[in-house]
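Here's the structure we're looking at; comments come further down.
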Amino acid sequence: MKTFTKLASCTAVAACFAILPLAVSAQSTMAYPEKCKSEGMKMDMSKADMPSGGMPMGDMTDYQKASMDGMKGMHMNMMQGMMKKDADVSFVCGMIAHHMGAISMSEVELKYGDNEEAKQMAQKVIEAQKKEIEEMSKWVDKEVK
């Protein structure tokens, strides 16, 4: 199992370098909001495969724990999808997992969130992502023999 985990991690890193030029161009047009960044928290990438990303679980709220659980499932499925040899299939499979992660995050917001506007955004995400997952899943069923 450790060999598989190391191989999957190495492959994921290699895939990141392969798509880095695309990611850089996307980041140059869209910047992650500064207000979304956590102060004083640096991600320990050596612990990124841990359920909490290296953050002590005892220090996390129920909301954060539920969010982390959703991300764990998304990341494994995305890595599997991105390993497909066909670029189109890889993209679609990776996006299905990504959208499933967005739904999971939105469900956590609906359960724990207090702000009605944020909850409405979460509901919109769920509806849109479910529709796209359905379309993408049909495409995969049709294209992949």
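At-a-glance table
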quantity: Residue count, region 90-145 (criterion: of a type in the set (S, T, N, Q) and touching a Lys or Arg at 6+ places or on another chain (Cβ under 6 Å)); calculated: 1
quantity: Any hit, region 61-84, residues being over 25 Å from E132 (Cβ atoms), modelled with pLDDT under 55, assigned to a helix (DSSP H, G or I) and not aromatic (F, W, Y); calculated: no
quantity: Subset of region 73-100 (residues that are closer than 11 Å to V140 by Cα, over 12 Å from the mean Cα position of the chain (by Cα) and of a type in the set (A, V, I, L, M, F, W, C)); calculated: V89, F91, V92, C93
quantity: Residue in region 115-135 that is touching a residue at least 12 places away in the same chain (Cβ under 8 Å) and outside any helix (DSSP H, G or I) present; calculated: no
quantity: Single residue of V125, V144, V108 found to be open to solvent by 40 Å² or more (accessible area, probe 1.4 Å), within 26 Å of Y63 (Cα to Cα), β-branched (V, I, T) and out of contact with any Leu (no Cβ under 8 Å at 6 or more places or on another chain); calculated: V125
quantity: Test set (1) at pLDDT below 95; (2) open to solvent by 100 Å² or more (accessible area, probe 1.4 Å) - D114 fails condition number; calculated: (1)
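The values are calculated or read from the model by the stated rules, or taken from the named source; none is laboratory data. All values reported here derive from a predicted model rather than from experimental measurement. Positions of Cβ are backbone-derived with ideal geometry, glycine not excepted, and every protein chain shown enters the neighbour counts. Just the protein is used for accessible areas: all its heavy atoms, side chains included, with ligands, DNA and RNA removed. Shrake-Rupley method; radii C 1.70, N 1.55, O 1.52, S 1.80 Å.
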